[in-house]
Structures are given as C-alpha cells and as structure tokens.
Amino acid sequence: MTGNITLTMIKPLAFRNNSSGNILSRITNAGFWIVAAKTMQLSIPQAQKFYEVHKDRPFYKNLVESMTSGPIVVAMLEKENAIEDYRTLIGKTNPAEAAEGTIRRDFGTDIEANAVHGSDSDENANIECDFFFPKSERFHRPG
Ligand code: CMP
C-alpha cells in the first residue's frame, strides 16, 4: 500500500493533441481527486532538475527537450494507494507495452511522448509535488 498523493504531468504532445481534458476525465473517473493543477511550460533548467535522477541516462537530453517543447498540465492527485493505482491506470512506460485501456496505451505515441508522467514512490511524490505546488495552492478532498 502506497500513500495517498502522486504527481502527474500531461506531456507536451498530449497537450498539443488537445487530450488534456480526456486524460483528466480518466483520472477523476478512476477515483482520484485533483488537489492542484495548472498549465505551464517547463524551462530547460526546471526539466533538468525534475528529471535529475535520469541525468546519466542516454535518453536524458531528448527527454528534457521533449518536456520543454510546449505546455504541459501538471496535477497533484489524491487517492488511497495513489502511486500504485495511478501507475496501473497509466500503464507501462512504453505505450507499446502498456495494457489496453491504459492512458499511455491510448494517448501515448512512444516511450518519450508517453502522454503522462506519474511519480514512482511516496518519497518522489512528495518531492515532485513540492516542486510545483506550495501548500497554499493545494485543496484536498473535502470530508
Ligand atoms: P516519465 O514517467 O516521465 O519518467 C521518465 C521518463 O523518461 C519516462 O516517463 C519516459 O518518457 C522517459 N524514458 C524512460 N525510459 C526511456 C528510454 N529507455 N528511452 C527513452 N525515454 C525513456
């Protein structure tokens, strides 16, 4: 069982395809609450910092380029067992390997333009949510 928050980014290609609304609807239909959300364009230093854990990987440069190529929608999500449930909803990193009906399978085109990001651990979810949203911009599920 993981904690109850995760961070997602709807990546530039999915934003350009006007899929943000459909993706957010999948997310809320799956029981996630949107604690915070905004549309923005990452700067190169922001993308480099966000993906710093991958800085020695061969795909790092292209990843930073594609993530800064246009606007994204970034959202903090809340649900019991958020990390695991969100990773199930989005599917495997490579859309070609993601299960049918998952967000990456339906909206992604390749491993880089894989439609959405999702946090991979509770620790990273906290770091990633702090990266984008001060506490004053978070509105948790009522009740
Ligand atoms: P994301 O969930 O945003 O986290 C890191 C990203 O790096 C990942 O989605 C992919 O878009 C990208 N990525 C991971 N592995 C590879 C790979 N082998 N080749 C290219 N891009 C990758």
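The values are calculated or read from the model by the stated rules, or taken from the named source; none is laboratory data. These figures come from a predicted structure and were not determined experimentally. As a convention, Cβ positions derive from the backbone with ideal geometry for all residues, glycine included, and neighbour counts pool all protein chains shown. Side chains included, ligands, DNA and RNA excluded: accessible areas come from the protein's heavy atoms. Shrake-Rupley method; radii C 1.70, N 1.55, O 1.52, S 1.80 Å.
Just a few scattered comments:
- Of the GluC sites (Glu not before Pro) found in region 30-96, the ones in coil according to DSSP and having at most 13 other Cβ atoms within 10 Å of their Cβ are GLU80.
- Summed over the residues of the chain and divided among them, the accessible surface reaches 53 Å² per residue at a probe radius of 1.4 Å.
- In terms of its alpha-carbon gyration tensor, region 4-44 comes out oblate; a/c meets the 1.5 threshold, while b/c is at least as large as a/b.
- Loop-resident sites, region 1-105, for chymotrypsin sites (Phe, Trp or Tyr not before Pro), counting at most 13 other Cβ within 10 Å (DSSP): PHE59
- Size descriptor, Kirkwood hydrodynamic radius, that averages inverse alpha-carbon separations across region 5-137, Å: 14.7
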